[in-house]
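First up is the structure itself, then whatever we jot down about it.
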């Protein structure tokens with residue numbers, strides 16, 4: 001693991017900009033040195049006509065945003081913070097699947113790289129019980145139609161003392177070795193593009209297949225959980241599955257409840 005932050009190599013702009021279509025199809029990568037938010041820049045580019053598959057990745061993001069407008073910042077060269085512009089052609093009712101689809105793709109890519117990852121509903125990726133990646137999806141209206149900006153923050157090279165909270169981890173902490181961020185980025189984008197294209201082409205049966213695949217990777221399913229709701233109340237019960245709309249299925253004292261990602265503040269393992 002790199003001990004000197006100044007020695008951390010930058011992303012290879014030439015290598016990433018020149019990726020062959022058979023490596024990551026229909027993706028164009030722009031590497032920038034520093035921005036307040038890759039999502040904000042991707043939104044700007046989407047309004048300017050950026051095509052489906054445009055990606056901006058930053059060496060340093062100074063004002064990153066997560067769900068519920070939480071903010072965060074990572075040391076330079078230690079993370080992958082990127083945003084992708086997508087222009088889905090699927091019906092609007094299917095768009096809630098995007099954050100889950102993204103989390104599933106990140107999880108799948110990390111597993112392929114040898115990490116013991118899992119998804120936490122609705123939009124986190126874990127290694128063990130610690131968060132290694134978060135996801136933020138924004139829907140925007142552009143002159144060329146609606147678009148989605150898919151933002152991902154993945155902790156790659158952070159040391160233990162650089163992690164923002166005790167419940168976070170990084171690929172370096174998890175494995176003891178700091179991986180090449182270029183390799184990780186290509187793996188994640190390739191898997192995300194593959195999953196997205198399959199989702200686009202899958203028709204009405206896609207939700208059911210995604211629900212089954214996501215549930216198999218989801219560490220939340222099978223847990224006793226506490227779901228904190230916006231009105232201050234909480235739902236407790238056992239998470240038993242994911243429905244075809246991407247909602248978490250919770251079996252509680254009052255029966256079965258279907259919880260949408262946009263309707264919750266937190267989902268945590270219930271206290272034993």
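The values are calculated or read from the model by the stated rules, or taken from the named source; none is laboratory data. A quick note: this is a predicted structure, and the numbers were derived from the prediction, not measured. With ideal geometry, Cβ positions are generated from the backbone for all residues, glycine too; neighbour counts draw on all protein chains shown.
Each row is one residue, and each column tells you yes or no for (1) farther than 16 Å from residue 187 by Cα; (2) out of contact with any strand residue (DSSP E or B) (no Cβ under 8 Å at 6 or more places or on another chain).
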residue: 82; (1), (2): no, no
residue: 85; (1), (2): yes, no
residue: 93; (1), (2): yes, yes
residue: 98; (1), (2): yes, no
residue: 105; (1), (2): no, yes
residue: 116; (1), (2): no, no
residue: 126; (1), (2): yes, no
residue: 140; (1), (2): yes, no
residue: 143; (1), (2): yes, yes
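Selection of strands (runs of 3 or more DSSP E) fully inside region 83-142 by the criterion of at least 1 residues being farther than 24 Å from residue 180 by Cβ and at pLDDT 95 or above returns 117-120, 130-142.
Scanning region 143-157 for residues that are surrounded by fewer than 20 Cβ atoms within 10 Å (Cβ to Cβ) and outside any loop (DSSP other than H, G, I, E, B) turns up 145, 146.
On the basis of being at pLDDT 95 or above, within 22 Å of residue 261 (Cα to Cα) and not assigned by TED's automatic domain parsing to the domain that holds residue 244, does residue 150 make the cut? When the stated conditions are applied, residue 150 passes them.
Give 246, 241, 262 a once-over and let me know the one that is exposed (fewer than 14 other Cβ atoms within 10 Å of the Cβ), under 25 Å from the mean Cα position of the chain (by Cα) and closer than 21 Å to residue 97 by Cβ. Criteria check complete, one pass: 262.
Among what's in region 28-55 and is in a loop (DSSP other than H, G, I, E, B) and over 16 Å from residue 153 (Cα atoms), pick the residue that is nearest to the chain's Cα centre (by Cα). Looking at the filtered set, the residue picked out is 53.
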